[in-house]
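Input: a single structure, listed below in structure tokens.
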Amino acid sequence: MTSGEIYRPFGLLPLFFFVLHALTHWPGGGWPHMLWMCIIGNLLIALGILLRLPLPIRIGVSWLILGLGLWLWFWVLKVGTSLPSVLAHVGGLIVGLVALSKVRADRSTWLYASLWYLAVQQLCRAFTPKDLNVNIAHRVYDGLEVFFTAYGGFWLATTILAALGLWLVGVGLQKLWPPGGTPTTSAVYV
């Protein structure tokens with residue numbers, strides 16, 4: 001294996017993090033927690049590595065980076081955390097960054113990651129409980145009603161901020177792993 005290759009079984013790690021998170025939440029009816037962008041990002045990274053597809057790796061890493069601060073602020077500092085949650089957020093990001101170092105960044109990832117977000121958000125709107133507000137699919141976050149009196153304005157503002165954040169993450173990742181040296185997809189996996 002050369003330095004430009006990804007060991008395909010490495011993709012089992014984020015898949016394990018995703019499944020472990022599911023096993024933690026599923027018994028109590030917590031399956032909607034599997035649709036948070038960071039958690040589903042682990043599934044994307046796993047599928048990208050296992051199926052030799054760079055784009056899902058790039059999208060998953062982008063969302064894990066963007067969501068890390070939000071997870072720390074809204075969850076860890078206010079509620080606490082668990083091993084499955086730490087593995088999904090930190091472990092998944094580490095695996096994703098290692099994989100991304102091999103498949104390289106891409107200039108258009110922010111756009112695909114934004115479209116992915118909109119699609120997942122619609123799934124959340126249709127299938128998750130309003131009280132969980134998974135991926136802000138239902139209502140203004142508690143405490144922000146002072147700034148947003150209607151969900152539409154909140155949705156538009158957060159969607160624009162997410163796209164801008166994904167673009168900035170993409171710029172940073174391109175500086176670390178520029179797209180110019182991208183090897184062929186089949187050559188980077190073993």
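The values are calculated or read from the model by the stated rules, or taken from the named source; none is laboratory data. Just so it is clear, the structure is predicted and the values come from calculations on it, not from any experiment. Virtual Cβ from ideal backbone geometry, glycine too; neighbours counted across all protein chains shown. Each accessible area value is taken on the protein alone, full model and side chains, heavy atoms only, with ligands, DNA and RNA left out. Shrake-Rupley method; radii C 1.70, N 1.55, O 1.52, S 1.80 Å.
Descriptive notes on the structure:
- Most fluctuating residue given options Ile59, Ile94, Ile49, as computed from a GNM of the chain linking Cα atoms under 10 Å: Ile94
- Residue (of Leu87, Leu51, Pro27) at the positive-pole extreme of the chain, dipole from beta-carbon charges: Leu51
- Measuring with a 1.4 angstrom probe and ignoring ligands and nucleic acids, Trp73 comes out at about 140 Å² accessible.
- Computed over segment 94-165, Kirkwood Rh from alpha-carbon pairs, angstrom: 13.9
- Taken along the Cα-to-beta-carbon direction at a fixed 7 Å, the label points for Thr149 and Leu168 span 2.9 nm.
- Average accessible surface for the chain: 51 Å² per residue, computed with a 1.4 Å probe over protein heavy atoms with every protein chain in place.
- Ligands, DNA and RNA left out, the accessible area of the chain computed with a 1.4 Å probe is 74% carbon and sulfur.
- Listed residues Ala119, Ala150, Ala137, most fluctuating in the chain (Gaussian network, C-alpha, under 10 Å): Ala150
- The chain - mean residue ellipticity at 222 nm from DSSP helices (-39,500 (n - 2.57) per run, n ≥ 4, rounded to 500): -18500 deg cm²/dmol
- Inter-label distance, Leu132 to Leu156: 2.9 nm, where each label sits 7 Å from its Cα along the C-beta direction.
- Around the Cα centre of the chain, unit charges on the Cβ atoms of Lys, Arg, Asp and Glu (plus for the first two, minus for the last two) sum to a dipole of about 320 debye.
- Between the alpha-carbon centres of segment 135-178 and segment 1-65 there is a gap of 22 Å.
- Simple label model, 7 Å out from Cα along Cβ direction - Arg125 to Leu83, nm: 3.9
- Alpha-carbon Rg with Dmax, taken over the chain, Å: 16.8, 56
- Take the Cβ atoms of Leu70 and Arg8, set R0 to 30 Å, and the FRET efficiency comes out at 0.45.
- Using alpha-carbon coordinates, inclination of helix 151-176 to the longest axis of the chain, degrees: 20
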